[in-house]
Amino acid sequence: MKETSRKSPVRITTGFSREILFFVSFYLFLWLVIDSRFIYYGNGIISDCPVFFSGWTFFRETAFQPGGFVIYISGFLSEFLYYAWTGALVITALALCLYETTKAIINKTGARRFQGLAYVLPILVLILYSRYTHHITLIMAVLAALVFTYLYLDFRFAGKAKSFLLFLFMSIVLYMLAAAAYFVFAALCVIYELFFGRRWLMCALYLLSAAAIAYSEGVIFFNVSIIEAFSDLLAFSWKIVIRRNPRWEETLVLLYILCFFVPAVAILLGILRVFIKKEVFFTGRPSKSILKRFLATAFLFLLAGGAVFYSYDGETRGFLAVNYYAWHSEWDKLLKASRSCWSDFYVMHAVNRALYHTGRLATDMFAFPQHPGAMSFEEEVRAPSFKWKRFDTHMEFGALNLAEMDLTRCLELNGRRPMILQDLALIKMAKGDLDSARVYLGALSQTIFYSGWAKRYLAQLESDPNFVGDERIRYLRQNMLKKDPVVFESYHYDEMLEGLLEANKHNRMAFEYLMAWYLLNGQVDKIASNIGRLNDFNYMRIPRLYEEALLLYKGGGKTEVDLQGWEISAESAKRFNDFIEIYNRYSYDKYRAAKELWGSYGYSFLFYRFFSNYRQKKPNEQI
């Protein structure tokens, strides 16, 4: 007792202060750098995002299956990623729990000198979130297994029969809570009995019992497949292994380490205890040297910092940030975020939305990388997530049937995400399908952060079912496409946009996208034939990019263009003539021509049209 009292001050100054410093830094990094909001709104991109709804029905459907309770709690906690500070708090709390349970298990083996290994799991969590992955269900399952392991070691009986009964009871409960992650608990119990309890017969009995419990409880009682019964909520589950991205193999290795690190440490400590008899090797007192304590803390932060530096995925962060800012119509922030991931088709698509909403699509479009396929997504039509990336644009256009088709497919692929349900409800209300709208609004009313919005619209369904006073519904109805193609693959993008303009000639977004489409495909004749549509809008002059296309059309010896009262500016005419003069000067060497023209014309339609192989590789940093 006296010895414990002597150790306590040293333990507090060396351990507790280091823990506080580490986890405060952990939280600040997640809050200020990672920003969990990007993960929350990345549901169409990040696949492992469990959903959560309040009410008994959802709880019953989710919790009453192997691992269901962990999935239910993970969905609840995932909702708090909605805010950056609450998301960081949840992830930090989980990492802290992993640390404390790992440290407690190591202490139960008597190897207090090795407590520092408990920092490995929090660092792994930090790495995973630095890569913008969200494996909270797996983290929760491993945490449940570690908590049950500590409880077993704490309540373990001296008698073998009582210990076995305790193991059986805890196994049955844990398998129900965490599915196959239960095997982490079973493995740790076997390792402890083998190396520290020296009860070898119990080890064999525990191994047989673990397999029998998974089979009987999973396959027989809950009727799941034998593969799922022995792999769900572990790193080698098919639900995790089938996912693919450019760095997925590295992430999979991290998940394996997360699952099996503590059992590996337990085996190592057990082997060391067999071959090293000196008890002081395991239970030696912490150093009182200030230098050693400082070096240990510095090493911990260097290890964590180096791991995060190596794993931090700035490109994915930019991609998710673009997605988040598009959801929230923060267009200037979207344009800034796009610079770290400019080559992705979805980012190009989102950038064009941002340029339209900031009034710059017809002037600054070529200041950013462009591709016709990025505007229509026709070239990505078979990609699993392409529908998630375009339905919001279709909604803004007024192509509600196409948007609804995309959203329905997203619902099948990604589950009942609040963002999907919200847009489906809006579409149904705009189309007058109020019964279906009530279904989606009813589901949304059981979410945490969308319930207020859903309840307001449910009340409005009763007081104003025609939505006369709702600006958003009026906008959707006003721009609604009167005739949609049967399937997406069968329609031409320009035909859809022309159909939208036939439905509402004042649909400015459809007009500017149609003109942008013609620019991207070099159809200057179509620009000329549609220039009269400017009269349907409040333009002060012909937008610069349209002027360049018109000048190119006229310069090609085509029929004189009827500008219907509009005039091409003298400045644009001079720029065009200067461009053609320089181009003709180097007609024998396009590379030299492109090099000279780039400085003044690199972000013009003229440069895009003449130098498709030399067009910009990065966005203009000055725009």
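So here's what we get for this one:
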{"item": "All positions within region 50-75 that are on the phi < 0 side of the Ramachandran plot, surrounded by fewer than 16 Cβ atoms within 10 Å (Cβ to Cβ) and touching a residue at least 24 places away in the same chain (Cβ under 8 Å)", "result": "SER54"}
{"item": "Among residues of region 426-471, those that are of a type in the set (S, T, N, Q) and part of a helix (DSSP H, G or I), counted", "result": "4"}
{"item": "Scan of region 346-384 for residues that are modelled with pLDDT under 85 and open to solvent by 10 Å² or more (accessible area, probe 1.4 Å), ordered by number", "result": "GLU378, GLU379, GLU380, VAL381, ARG382, ALA383, PRO384"}
{"item": "One residue from ALA399, ALA403 being closer than 15 Å to LEU476 by Cα and within 23 Å of the chain's Cα centre (by Cα)", "result": "ALA403"}
{"item": "Selection within region 75-89 - touching a Leu at 6+ places or on another chain (Cβ under 9 Å) and within 24 Å of ALA180 (Cβ to Cβ)", "result": "LEU77"}
{"item": "Residue list for region 576-590, restricted to those being open to solvent by 40 Å² or more (accessible area, probe 1.4 Å) and free of Cβ contacts under 8 Å to residues at least 24 places away in the same chain", "result": "ASN577, ASP578, GLU581, ASN584, ARG585, SER587, TYR588, ASP589"}
{"item": "Selected residue [out of contact with any Gly (no Cβ under 6 Å at 6 or more places or on another chain) and under 24 Å from LEU32 (Cβ atoms)] from ILE73, ILE106, ILE136, ILE172", "result": "ILE136"}
{"item": "Close pairs (8 angstrom Cβ cut-off, 6 or more residues apart or separate chains): closer than 18 Å to HIS394 by Cα and open to solvent by less than 10 Å² (accessible area, probe 1.4 Å) in region 318-341, of a type in the set (Gly, Ala, Ser) and part of a loop (DSSP other than H, G, I, E, B) anywhere", "result": "ASN323/GLY42; ASN323/GLY44"}
{"item": "So LEU606, is it modelled with pLDDT of 85 or more, of a type in the set (A, V, I, L, M) and either open to solvent by 40 Å² or more (accessible area, probe 1.4 Å) or closer than 22 Å to ASP525 by Cα (or both)", "result": "yes"}
{"item": "Qualifying position, being open to solvent by less than 30 Å² (accessible area, probe 1.4 Å) and either at pLDDT 90 or above or of a type outside the set (Gly, Ala, Ser) (or both), among LEU434, LEU461, LEU413", "result": "LEU461"}
{"item": "Selection status of LEU514, open to solvent by less than 20 Å² (accessible area, probe 1.4 Å), of a type outside the set (S, T, N, Q), out of contact with any Leu (no Cβ under 6 Å at 6 or more places or on another chain) and within 24 Å of LEU355 (Cα to Cα)", "result": "no"}
{"item": "Which numbered condition LEU552 fails, given (1) modelled with pLDDT under 90; (2) within 14 Å of ILE527 (Cα to Cα)", "result": "(1)"}
{"item": "Qualifying position, being at pLDDT below 90, open to solvent by less than 50 Å² (accessible area, probe 1.4 Å) and outside the structural domain of MET365 (by TED's automatic domain parsing), among ALA573, ALA593", "result": "ALA593"}
{"item": "Elements of type helices (runs of 4 or more DSSP H) contained in region 98-208, each with 2 or more residues being open to solvent by 30 Å² or more (accessible area, probe 1.4 Å)", "result": "136-155, 160-178, 182-195"}
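For every residue, the table says whether it meets (1) outside any loop (DSSP other than H, G, I, E, B); (2) more than 30 Å from SER17 (Cβ to Cβ).
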| residue | (1), (2) |
| --- | --- |
| PHE301 | yes, no |
| TYR310 | yes, no |
| GLU315 | yes, yes |
| GLY318 | yes, yes |
| TYR325 | yes, yes |
| SER329 | no, yes |
| ASP332 | yes, yes |
| SER338 | yes, yes |
| MET348 | yes, yes |
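The values are calculated or read from the model by the stated rules, or taken from the named source; none is laboratory data. Treat the numbers as computed from the prediction; the structure is a model and nothing was measured. Note: ideal-geometry Cβ built from the backbone for every residue, glycine included; neighbour counts use all protein chains shown. Ligands, DNA and RNA are stripped out before the accessible areas are found, and what is left, the full protein with its side chains, is counted by its heavy atoms. Shrake-Rupley method; radii C 1.70, N 1.55, O 1.52, S 1.80 Å.
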